[in-house]
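A short write-up of the structure that comes next.
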């Protein structure tokens, strides 16, 4: 009897753990969509993309600068790390990405990198 109760508790908590991971991935995709929009607006107004040295920080408002504001604050990924930026990108002009849960390049499942190269896969689920 005790084992059946334990099995039921584990079976009920497993979807909650999986949903948390899915929520983190969804949030990372949302953040990357916003960062891509900000980078594209920067390019439209300035005629260029941020350099690797400038990074994503140039998109955030500066109280001492009169430049346009693209983001009011820089988001961090759901795992507490800054989003990464690289120009040129692996499949486009630039990449904006996170190394996901494990913090290392590559990976599978929740450890798989999430980046602007995903294109339509960044769109929210219907």
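Every number here is computed from the coordinates shown, using simple stated rules; none is lab data. Note that the structure is a prediction, hence the values are computed from the model and not measured. Here the Cβ is made from the backbone with ideal geometry for all residues, glycine too, and neighbour counts use every protein chain on show.
Summary of computed values
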{"item": "Neighbour-count order for 79, 117, fewest beta carbons within 10 angstrom listed first", "result": "79, 117"}
{"item": "Sequence of 29, 123 once ranked by neighbouring C-beta atoms within 10 Å, starting from the fewest", "result": "123, 29"}
{"item": "R0 of 30 Å, Cβ-Cβ distance residue 69-residue 108: FRET efficiency to nearest 0.05", "result": "0.20"}
{"item": "Pair-distance profile P(r), taking every C-alpha pair of region 24-120, with 5 angstrom steps and integer %", "result": "2, 14, 25, 25, 18, 10, 5, 1, 0"}
